[in-house]
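As structure tokens, the structure follows; a few thoughts come after it.
A short reminder: the numbers here are calculations on the coordinates, not readings from a lab. Since this is a predicted model, take the numbers as computed values, not measurements. Cβ placement follows ideal geometry from the backbone for every residue including glycine, while neighbour counts extend to all protein chains displayed.
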Amino acid sequence: MIECKNIVKIYKGADETIALNDVSFSINDGEFVAIMGPSGSGKSTLMHILGALDTPTSGKYLLDGKDVSKFSDDELADIRKNKIGFVFQSFNLLPRTTVLRNVTLPLIYAEISPVERESRARAALKDAGLDETHFTHLSNQLSGGQMQRVAIARALVNDPTLILADEPTGNLDTKTGDIVLETFQALNRNLHRTIVLITHEPYVAEHADRIIHIRDGVIVEDSRNHKKRIVNNHNEK
């Protein structure tokens, strides 16, 4: 699904900053991969490139065999809308809006009919593991873990093939973070979603099947995770 070939990203200002330096790797359809590194390692820059939010200075990023740098702005927008689901640390939900409404918003922009919007939103929320009793709650009436599940459902609602999660447990305590990580594992295992998880925490990365370590813009290790943590915590917080 993903192939990065000799990716370089340079930010030019008063001083030139090399955020990524000759980064190459591939991710197959259905993999659960963590990209781990400290602050300033280049992992967020890499996520922006994988999410078609930015382009490399040199090198190639192929998504489903197609060179993303060749796409027009409209084609990039279509990729972000239809192929990629984003989950962020800060949830990015509308606070005084119901759970269902938050999840249906991407479908409104896609001009999906109201009946189908609600049907797809309910299915995505169930896939994300949120109890149906919360669907009509306002998002600011939910716990952190529940809000992140709503954010995951919103990422799922357009049926993307790739989910990019940027520090998705960063605002959560360990127990609640485990619940969210269980959700990602279930999506990967049961729905065969390809998941790329960006994190600086080894404990979080250990929930993935494979860990790519990045430091100072360079991949220093890429290996299968033989000590994968399997979470089976079904209690919501």
For the pair Arg96 and Asp29, what calculated FRET efficiency results from E = 1/(1 + (r/R0)^6), where r is the Cβ-Cβ distance and R0 = 35 Å, to the nearest 0.05? 0.35
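According to the square roots a ≥ b ≥ c of the eigenvalues of the Cα gyration tensor, what is the shape class of region 28-151, taking rounded for a/c under 1.5, prolate for a/b larger than b/c otherwise, and oblate for the remainder? Display every interim value, and only then the final one.
Numbers: a/c = 2.33, a/b = 1.57, b/c = 1.48.
Cα axes put region 28-151 in the prolate bin.
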If you put +1 on each Lys and Arg Cβ and -1 on each Asp and Glu Cβ, how big is the dipole of region 38-175 around its Cα centre, in Debye rounded to 20? 200 debye
Residue with peak Gaussian network fluctuation, the chain [Cα springs, cutoff 10 Å], from Ile179, Ile108, Ile27: Ile108
Under 13 Å, Cβ to Cβ, from Gly59 - net charge with Lys/Arg +1 and Asp/Glu -1: -1
Cα centroid distance between region 1-73 and region 145-193, in Å? 22 Å
What is the angle, in °, between the Cα long axis of helix 174-191 and the longest principal axis of the Cα atoms in the chain? Nearest 10 is fine, range 0 to 90. 80 degrees
Mind scanning Lys60/Lys81; Lys5/Lys126; Lys9/Lys126; Lys70/Lys175; Lys70/Lys228 and naming the pairs with a C-alpha gap bigger than 32 Å? Lys5/Lys126; Lys9/Lys126; Lys70/Lys175; Lys70/Lys228
